[in-house]
Amino acid sequence: MNRRSLSAESLNPLQEPVTTNTNLSLKSKSYDRWAVICLIIAALNILHSLWVIIAPVHWYHNLPAGVPEFGPINVHFIRDLGCVFLLFGVGLVFAAFKVPYRLPLFTMNTAFYILHMFVHIHEVVSGRIRLGMFWVDLPAVYFPAIIFFILNIFMIKHHQNQGKIQFNRK
């Protein structure tokens, strides 16, 4: 008897060997395109959060989005906002390397940006903020929300396809 004859394969010869395609499995390598996307957005969130937490007055007066037009400075609230960006940034770093958590964490980040966009839309539509602020907010509020929403749709489709692949393998 040799080593192979005592293995599990020799005990059940009808069983097909299990092969895993790492490109298709949910346990794929850490550095796929979604990991890179998560890390880029995480870096932007974390850098933004550090600016907001460390220098809230500087952020208030120097962010190109015209923050003073939305109301008087509230350093405590600005730092709270910085904590939110830090939380989402760290969450996306985690999501980049932990594939099973990627979709929910990315979706939470996207939901924040979408809700933030709707707050800005409401401010303009309700007349609280001048109509011209729509154009000021376009690059920093509306575009990221729309881009993250589109990416989120693609990520959902990717995960659905991964689920079908996993199901078909069984």
When PHE143, PHE88 are ranked with the fewest other C-beta atoms within 10 Å first, the list becomes PHE143, PHE88
Checked against the positive end of the charge dipole of the range 31-157 (+1 on Cβ of Lys and Arg, -1 on Cβ of Asp and Glu, about the Cα centre), the farthest of TYR101, VAL57, VAL90 is TYR101
Tensor-based shape of the range 31-157 (alpha-carbon gyration tensor, a/c under 1.5 rounded, otherwise prolate or oblate): oblate
Need the full-extension length gain, ILE121 to HIS76, defined as separation in residues times 0.36 nm minus the C-alpha distance. One decimal, nm. 13.8 nm
How do ILE53, ILE156 rank when sorted from fewest to most other Cβ atoms within 10 Å of their own Cβ? ILE156, ILE53
Taking other Cβ within 10 Å of each residue's Cβ, how do LEU92, LEU63 sort, fewest first? LEU63, LEU92
Say R0 is 25 Å: what FRET efficiency, to the nearest 0.05, do ARG128 and HIS61 get from their beta-carbon distance? 0.75
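Every read-out reported here was derived from the displayed coordinates using simple, explicitly stated rules and does not represent laboratory data. Note that the structure is predicted; figures quoted are calculated from it, not measured. Virtual Cβ from ideal backbone geometry, glycine too; neighbours counted across all protein chains shown.
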